[in-house]
Amino acid sequence: MSTGDGAFSWNSELPSGRNPFWIRDEALSGLGLHAGDAVSVDTRVEPIDGDLVVVEAEIDGDSLRIARRYFADSDRVRLEPDNPAAERIELPSENIIVLGVIVARVRISPSGDQVTEEPL
């Protein structure tokens, strides 16, 4: 995985109070989320197995933001793509910080003055 993969944030807040993240890879393309698409992330929710999440993951000494489907065991976290061609990631839980749960797709008008959140 290259350091450009995953997701990146915009240091702002959506009208809903949630945080926007831009998807940077095709791991969630099975859900219609592609590189460059924005999603709304609720940072106040604890994920449960199967939730879509944005995590900060330490992989091979690099800290990467990754958007994937979350599954946790007692000491490991599995991050599953919704695209069979994308990489499945499994790491020790201490190598993962969950930044939030993805709750919606974000649409921003060309002028930037209208923001719409569409539930996934």
**Request:** Consider residue 45 carefully, then state whether it is in a strand (DSSP E or B) and either touching a Gly at 6+ places or on another chain (Cβ under 6 Å) or in contact (Cβ under 8 Å) with a residue 24 or more places away in the chain (or both).
**Result:** no
**Request:** Can you work out which of the residues in region 92-120 that are touching a residue at least 60 places away in the same chain (Cβ under 8 Å) and among the small types (Gly, Ala, Ser) is surrounded by the fewest Cβ atoms within 10 Å (Cβ to Cβ)?
**Result:** 104
**Complete:** Reported set for region 83-116 where residues are in contact with a Ser or Thr (Cβ under 7 Å, 6 or more places away or on another chain) and either of a type in the set (Gly, Ala, Ser) or in a loop (DSSP other than H, G, I, E, B) (or both) is 83, 100, 104
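For region 37-55: of the residues being touching a strand residue (DSSP E or B) at 6+ places or on another chain (Cβ under 7 Å), open to solvent by 50 Å² or more (accessible area, probe 1.4 Å) and not polar (S, T, N, Q), which is farthest from residue 69 (Cα to Cα)? Full working, then the answer.
Keep residues of region 37-55 that are touching a strand residue (DSSP E or B) at 6+ places or on another chain (Cβ under 7 Å), which gives 37-43, 45, 47, 49-55.
Next cut, open to solvent by 50 Å² or more (accessible area, probe 1.4 Å) only: 43, 45, 49.
If we keep only those that are not polar (S, T, N, Q) too, we end up with 45, 49.
Working: 45: 15, 49: 8 Å.
If we take residues in region 37-55 being touching a strand residue (DSSP E or B) at 6+ places or on another chain (Cβ under 7 Å), open to solvent by 50 Å² or more (accessible area, probe 1.4 Å) and not polar (S, T, N, Q), then 45 is farthest from residue 69 (Cα to Cα).
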**Request:** Please work out if residue 89 is of a type outside the set (Lys, Arg), open to solvent by 70 Å² or more (accessible area, probe 1.4 Å) and modelled with pLDDT of 95 or more.
**Result:** no
**Prompt:** Quick one: is residue 62 open to solvent by 30 Å² or more (accessible area, probe 1.4 Å), of a type in the set (D, E, K, R), over 22 Å from residue 29 (Cα atoms) and touching a residue at least 12 places away in the same chain (Cβ under 8 Å)?
**Reply:** yes
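The values are calculated or read from the model by the stated rules, or taken from the named source; none is laboratory data. Every value quoted in this text rests on a predicted model; they were computed, and no experiment measured them. Methodologically, a virtual Cβ is constructed for each residue, glycine included, from the backbone with ideal geometry; neighbour enumeration extends over all protein chains shown. Side chains included, ligands, DNA and RNA excluded: accessible areas come from the protein's heavy atoms. Shrake-Rupley method; radii C 1.70, N 1.55, O 1.52, S 1.80 Å.
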